[in-house]
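Novice: Here it is: the structure, laid out below.
The values are calculated or read from the model by the stated rules, or taken from the named source; none is laboratory data. No experiment lies behind these values; they were computed from the predicted model shown. Because the Cβ atoms are built from the backbone with ideal geometry, glycine has one as well, and the counts that use them run over all protein chains shown.
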Amino acid sequence: MESKVVPLPPSTRETISSFIIKRCIEFPTEKLVLLINSELFKTIYGFKSSRSLVQDCTFLRKLSHSPPEECRSTLWSNVWALKSSNIEEKNFVRTLFSVCGMDLFALSLKFTRSDMATGFIACNGFDRLLECLCTILEPNRMEHVNFETFREPFLNVFKLWLNLPISTQNFLAKTSVLLKLFAHDKQLYLEFKNQGAEEAFERIILKIVMASRPQNIYSLKHRFDIWHRDWEFQSKEEISNQYTNEMFQIWGVDWFIVSLRFRDDEEKHKWCLRYFGRYLDKLLRVWKTQGNFVKFLTSADFIKILMDVGKSNLEQMSFQVEWDISIYFRLSFVVMCLFNADSNIYDEYHPSLSHLFENTLNQLIHGIQAKNWNVLEILKESETGSRLKEFELKSLTVPIASKLLKCLHVRLINRYCCSMNRRSRRSCETSGNLCHY
């Protein structure tokens, strides 16, 4: 008597999953929102699931062809979480792509309202979608991909992403994705360029490079030792100077112009609050290289935008923190150099800047008295010794063009020295920096 193999009864989980999928096919798409937000994909296709995506193709096509806008970020978070799972010895996303085609990605990027697209980006849906797309584009495993329906919705969402706050990590991730996409679809790059997205993306590059800390650049040598082996034997100061000048060689004066262009006053205020001091530091570093200063001096666009942003910073400076002292010092030094070098710049901007520097100086003196700040020690922490010495010499030797700024700083130092205790006064007298003039 032959023995018969009796099939095992379906598990409770698979029975429930089959029931859900069968009913979902009958539901209008908007009714699926609750199930998607309840992590439907993880429930059905997650840990130790034996379901076949191919057999569920009708359900999956319906879901990918018109995913509800309000829950797309959750949907893609679920897909992303399962992208490394093996189902029938195939990657989850690749199998899903074989069922749904490029509509899997393209239709999720079409939105009826920009605020829905912005929410999709903010909730990491855009990031997850692109990471899953990159799975399809892996070398030696790439299937045929037609980008025609993908280009327009992708660029629409990408341009919204450009207008949102972007972290350095997120920016680098997007750069990697763009390189992969452009390598597979040259037409996408052409449209990216023609629609102005490339120019906007470059502005972000310039701002991120400008906002970077010298300490962070110094730490890169441990991660990218192949690039600059000589950095192992350089000081942090030497690395900061080298890095800044290398970036200037690539972008020139435009690096310093574009970094000060903002969409609105709110963006300008937030950026300058955090990064204007670093901007001025890099500017002074670049000026130390022979021949660089004159390039800025002859750029009307640079002079105008720097003076405008400088005025805004002076108006908003409150000296609630010590860092404001360094910003004030660097801005004063920059303006002094420009006034000293070109009388036309002095004639044009002196009337509007003089009272701002005077008012800001009064606030600083009040802050010194109220908080008992040691200005010299603060500056020696944030500035190089050579910069402080150069400032001192310029203040002593500048012609009448910058006499005002010289007087302001002499007044500052004198007022400060008078208020110092004996120990601080002795330290000041022996430091050789700033005080003795």
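Novice: Mind checking which residues of the stretch 61-70 are assigned to a helix (DSSP H, G or I) and surrounded by fewer than 21 Cβ atoms within 10 Å (Cβ to Cβ)?
Specialist: Selection gives 61, 62, 65, 69, 70.
Novice: Continuing with this model, one more query. Filter the stretch 265-297 down to the residues that are closer than 13 Å to residue 252 by Cα and not in a helix (DSSP H, G or I), then identify the one that is farthest from the chain's Cα centre (by Cα).
Specialist: The qualifying residue farthest from the chain's Cα centre (by Cα) is 291.
Novice: Here is a further query. Please determine whether any residue of the stretch 305-315 is among the β-branched types (Val, Ile, Thr), surrounded by 17 or more Cβ atoms within 10 Å (Cβ to Cβ) and modelled with pLDDT of 90 or more.
Specialist: Yes, that holds for at least one residue.
Novice: Let me ask you something else. Please name all residue pairs, on different chains or six or more residues apart, with Cβ atoms under 8 Å, provided the first residue is in the stretch 90-116 and is under 24 Å from residue 53 (Cα atoms) and the second residue is among the aromatic types (Phe, Trp, Tyr) and not in a helix (DSSP H, G or I).
Specialist: So the pair list comes out as 102/147.
Novice: Additional query: Here is a list: 95, 149, 135. Which entry is polar (S, T, N, Q) and modelled with pLDDT of 90 or more?
Specialist: One residue alone meets the criteria, 149.
Novice: What number of residues within the stretch 360-379 satisfy the criterion of being assigned to a helix (DSSP H, G or I) and over 33 Å from the mean Cα position of the chain (by Cα)?
Specialist: Final tally of qualifying residues: 7.
Novice: In the stretch 266-304, which residue that is of a type in the set (Asp, Glu) and in contact (Cβ under 8 Å) with a residue 40 or more places away in the chain is farthest from residue 239 (Cα to Cα)?
Specialist: 301
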